[in-house]
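> What follows is a structure written as structure tokens; I'll ask about it next.
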Amino acid sequence: MRKPAIRRKLHRRRRDPEPAPYLAHVDSPRWVDPPTHSVLVQGWIAVPPGSERDGPYIDTGELRPLDLVPRPEVEAGFGDWQVTGYQTIVAITPETAGGRWSLVFRVDGKEYREALPVDPSTDALDEFHAIKHKKLSRIESLLRCPRPKPDATGEDCHGELRRAGDTTLECTRCGTRYARTDEHFDLLPPDLVAQSGIEHTDNISAWGYDPTAGEIVRGHADGLVLDAGSGFKSTVFEHVVNLEIVSYPSTDVLGVGEHLPFADGAFDAALSLNVLEHVRDPFRCAAEIARVVRPGGKVYASVPFLQPYHGYPHHYYNMTASGLQNLFDGAFEVEQLHAPASAVPIWALSWFLNSYVAGLPGDVAERFRNLKVEELMAPANEYLERDFVTELRASTNIELACGCILVGTRRAG
């Protein structure tokens, strides 16, 4: 779940910028999640109007630029300052392990360095490669062909996959071939990519395990856990299979949730964390999760309800608690159904307000910030002509919409 910036804190820091010609914040990495194979470097830098910025860069023994991304939720707290976000996954290599990494900012021709809280090691890298090799060997016999059958049943082939050379797996039923590497199995053919609406995105999905997910991971250390839509993970587990549509270093299997490429009952537990809102068919995804979890196994799923639009690159469905239960209670006995601390209403309110302010012109945004809560509690129709409604950016209206409509004309044929 995205955590919006706290505007008041940013303004307090901004009032006295003399010690340095910029303000910056590192979202990732953090000491709490020591890396084993690669590091997600993510954050932002803000410079005063008129300043020239070059970079930012990361120095791992070799200087390289970071990918730049917009950070509108941070811009909302800085007025006319220039805000630039950055994010890049940086691989740990034998050459970069054991050294100290730093961020490099160049402002108005002068270079500044800030040490990153990361301590990459060759031992951790070797351990990661050993875990990968052992895990891929363990799950290879559980892989099944995900290609839909050519008939009208809607079922997938599910044929066993056998080696057809060092870099290829072949379906024993339909003959489809898939790539096998030392990093992952690629079970995501182009037709499934198109059918599932998968598009390239520069967004990087990354989150850790909350206490409930962590308990499930630890409680099934002797079995297998599927993380369906795992995102980027800086730390990996030998018994957790990371399924993704993106070939992150931590990805074990490239696949899609509507057509899971695994045998029936292959897993002792499955996680679906902040994923089901981003798939075209959450009902089929839930049914596939139920199919690959053995009887008596666990499922843990989290979805948004009152969260704004956040595409990776698409965001199809939010769900009520009843909607989430409806996906799973036919196959699973529901034991918990509630809003955890990471999803209580204040998250929705904070995210909404920060995005709303970011979608307003500067002077309007400042006036909106100074309104009292009770000034916004009249019936909504009383505000429809106010500037903080009429001047809201069109993309923000979609991001935070109370509802959407569709009008269409039936295609011929």
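> Might you let me know whether region 107-115 holds any residue that is open to solvent by less than 60 Å² (accessible area, probe 1.4 Å) and either touching a His at 6+ places or on another chain (Cβ under 8 Å) or under 30 Å from Leu353 (Cα atoms) (or both)?
So far as region 107-115 goes, no, none of its residues is open to solvent by less than 60 Å² (accessible area, probe 1.4 Å) and either touching a His at 6+ places or on another chain (Cβ under 8 Å) or under 30 Å from Leu353 (Cα atoms) (or both).
Yes/no per residue for (1) within 21 Å of Trp347 (Cβ to Cβ); (2) modelled with pLDDT of 95 or more; (3) touching a Ser or Thr at 6+ places or on another chain (Cβ under 9 Å); (4) of a type outside the set (Phe, Trp, Tyr):
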| position | (1), (2), (3), (4) |
| --- | --- |
| Pro4 | yes, no, yes, yes |
| Leu10 | yes, no, no, yes |
| Arg13 | no, no, no, yes |
| Val32 | yes, no, no, yes |
| Pro35 | no, no, yes, yes |
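> Related question: Scan the strands (runs of 3 or more DSSP E) fully inside region 146-241 and keep the ones with 2 or more residues being at pLDDT 95 or above and surrounded by 20 or more Cβ atoms within 10 Å (Cβ to Cβ). Don't jump to the end; show me each part of the working.
On the way: elements: 161-163, 168-171, 177-180, 225-228.
By residue number, 168-171, 177-180, 225-228.
> While we're looking at this one, here's another question. Can you confirm whether region 181-199 contains a residue that is of a type in the set (Gly, Ala, Ser), closer than 30 Å to Pro70 by Cβ and free of Cβ contacts under 8 Å to residues at least 24 places away in the same chain? Steps first, answer last, please.
Going through region 181-199, the residues of a type in the set (Gly, Ala, Ser) turn out to be 194, 196-197.
So of that shortlist, the ones also closer than 30 Å to Pro70 by Cβ come out as 194, 196-197.
Adding the requirement that they be free of Cβ contacts under 8 Å to residues at least 24 places away in the same chain leaves 194.
Yes, region 181-199 contains a residue that is of a type in the set (Gly, Ala, Ser), closer than 30 Å to Pro70 by Cβ and free of Cβ contacts under 8 Å to residues at least 24 places away in the same chain.
> Can you tell me which residue among Val357, Val389, Val364 is in contact with a Leu (Cβ under 9 Å, 6 or more places away or on another chain), surrounded by 11 or more Cβ atoms within 10 Å (Cβ to Cβ) and either part of a helix (DSSP H, G or I) or on the phi > 0 side of the Ramachandran plot (or both)?
Details: Val357 fails: in contact with a Leu (Cβ under 9 Å, 6 or more places away or on another chain); Val389 fails: in contact with a Leu (Cβ under 9 Å, 6 or more places away or on another chain).
From the options Val357, Val389, Val364, the qualifying one is Val364.
Residue by residue, here is whether (1) hydrophobic (A, V, I, L, M, F, W, C); (2) under 27 Å from the mean Cα position of the chain (by Cα); (3) in a strand (DSSP E or B); (4) buried (at least 20 other Cβ atoms within 10 Å of the Cβ) holds:
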site: Gly43; (1), (2), (3), (4): no, yes, yes, yes
site: Ile58; (1), (2), (3), (4): yes, yes, yes, yes
site: Gln87; (1), (2), (3), (4): no, yes, yes, yes
site: Val90; (1), (2), (3), (4): yes, yes, yes, yes
site: Gly99; (1), (2), (3), (4): no, no, no, no
site: Val104; (1), (2), (3), (4): yes, yes, yes, no
site: Ala130; (1), (2), (3), (4): yes, yes, no, no
site: Glu140; (1), (2), (3), (4): no, yes, no, no
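> Okay, moving on. Within region 323-338, track down each residue that is among the aliphatic types (A, V, I, L, M) and either surrounded by fewer than 12 Cβ atoms within 10 Å (Cβ to Cβ) or in contact with a Gly (Cβ under 9 Å, 6 or more places away or on another chain) (or both).
Val334, Leu337
> Please determine, by comparing only the residues of region 397-406 that are loosely packed, with under 10 Cβ neighbours inside 10 Å and at pLDDT 75 or above, which one is farthest from Ser350 (Cα to Cα). Working first, answer last.
First, the residues of region 397-406 that are loosely packed, with under 10 Cβ neighbours inside 10 Å: 402-406.
Among the residues that remain, those that are also at pLDDT 75 or above are: 402-404.
Numbers: Cys402: 16, Gly403: 19, Cys404: 22 Å.
Restricting to residues being loosely packed, with under 10 Cβ neighbours inside 10 Å and at pLDDT 75 or above, the top hit is Cys404.
> Considering every residue within region 267-278, establish whether at least one is outside any strand (DSSP E or B), surrounded by 24 or more Cβ atoms within 10 Å (Cβ to Cβ) and in contact with a Leu (Cβ under 9 Å, 6 or more places away or on another chain).
Checked against the condition, which is being outside any strand (DSSP E or B), surrounded by 24 or more Cβ atoms within 10 Å (Cβ to Cβ) and in contact with a Leu (Cβ under 9 Å, 6 or more places away or on another chain), region 267-278 yields at least one hit.
> Further question on the same structure: Just need a number here: residues in region 369-385 that are of a type outside the set (A, V, I, L, M) and within 24 Å of Phe78 (Cβ to Cβ). Write out each step before concluding.
First, the residues of region 369-385 that are of a type outside the set (A, V, I, L, M): 369-370, 372, 374-375, 379, 381-383, 385.
Now drop any that are not within 24 Å of Phe78 (Cβ to Cβ), which leaves 369-370, 372.
Qualifying residue count, region 369-385: 3.
The values are calculated or read from the model by the stated rules, or taken from the named source; none is laboratory data. As the structure is a prediction and not an experimental result, all values here were calculated from the model. Cβ atoms come from the backbone with ideal geometry, glycine included; neighbour counts cover every protein chain shown. We work out accessible area using only protein heavy atoms, side chains counted, and drop any ligands, DNA or RNA first. Shrake-Rupley method; radii C 1.70, N 1.55, O 1.52, S 1.80 Å.
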